[in-house]
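Participant: Got a structure for you, questions after.
Just so it is clear, none of the values below were taken in a lab; they were calculated from the coordinates. Every value quoted in this text rests on a predicted model; they were computed, and no experiment measured them. Every residue, glycine among them, receives a Cβ derived from its backbone with ideal geometry; neighbour counts consider all protein chains shown.
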């Protein structure tokens, strides 16, 4: 039987952004963290915030538990606005203060070109970090917008500033 090959016309989505996210259990306590945080992220996405075209859940590995999602956004501004709004912003702030036995990462890909990523408490090199030089997410590497070098104005302030996260440094 001949394979039914298909493709898509993405011309209506010139500013499309695809983001992969993952949460990995690093310690036994992380199982509870993942079980608690998963719905806190998935439920708001299920409410279809403005600009979210599709939200899919993924399992990267069973051992160690490593779950995540893939999201398709109309444009970066929509993604940034949602990620800096409640409840996501509160979750992110809480995570950055204590990863509670887990690690979190995301990789973002842009139709117009460009990619960026962050790996927080991920003890193994995955994705871009498996082959590209890794550096601290400080200064211009602190936020996705500056990592992308997209310019423009942030839609909302970050959940936590670099000075708040690293006081006295």
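Participant: Taking springs between alpha-carbon atoms closer than 10 angstrom, which of 145, 84, 125 fluctuates most in the Gaussian network model of the chain?
Facilitator: With Cα springs under 10 Å in the chain, the top fluctuation among 145, 84, 125 is at 125.
Participant: Which values of log₁₀ I(q)/I(0), to two decimal places, follow from the Debye formula for segment 1-148 at q = 0.09, 0.14, 0.18, 0.19 Å⁻¹ with a uniform point scatterer at every Cα?
Facilitator: Taking Cα atoms of segment 1-148 as identical point scatterers yields -0.30, -0.73, -1.18, -1.30.
Participant: Counting other C-beta atoms within 10 Å, which of 122, 28 has the fewest, and how do the rest follow?
Facilitator: 28, 122
Participant: Can you classify segment 1-80 as rounded, prolate or oblate using the Cα gyration tensor, where a ≥ b ≥ c are the square roots of its eigenvalues, rounded means a/c under 1.5, and otherwise it's prolate if a/b beats b/c and oblate if not?
Facilitator: oblate
Participant: Per DSSP H run of n ≥ 4, the term is -39500 (n - 2.57); total these for the chain, divide by its residue number, and report the mean residue ellipticity at 222 nm rounded to 500 deg cm²/dmol.
Facilitator: -7500 deg cm²/dmol
Participant: What spacing in nm lies between the two simple spin-label points modelled at residue 98 and residue 13, each 7 Å away from Cα in the Cβ direction?
Facilitator: Result: 3.8 nm between the two label points.
Participant: Right, next: What is the order of 134, 18, fewest Cβ neighbours within 10 Å to most?
Facilitator: Going from least to most buried by this count: 134, 18.
Participant: Next up: How many nm is it between the label spots at residue 153 and residue 132, if each spot is 7 Å from the Cα in line with the beta carbon?
Facilitator: Placing both labels 7 Å beyond Cα along the Cβ direction yields 2.9 nm.
Participant: Tell me, what is the Rg over Rh of segment 76-163, with Rh the Kirkwood radius over Cα pairs?
Facilitator: Ratio of gyration radius to Kirkwood radius for segment 76-163: 0.94.
Participant: Normalise the Cα radius of gyration of segment 75-116 by 2.2 N^0.38 Å (N = residues in it) and let me know the number.
Facilitator: Expressed relative to 2.2 N^0.38 Å, the Cα Rg reads 1.37.
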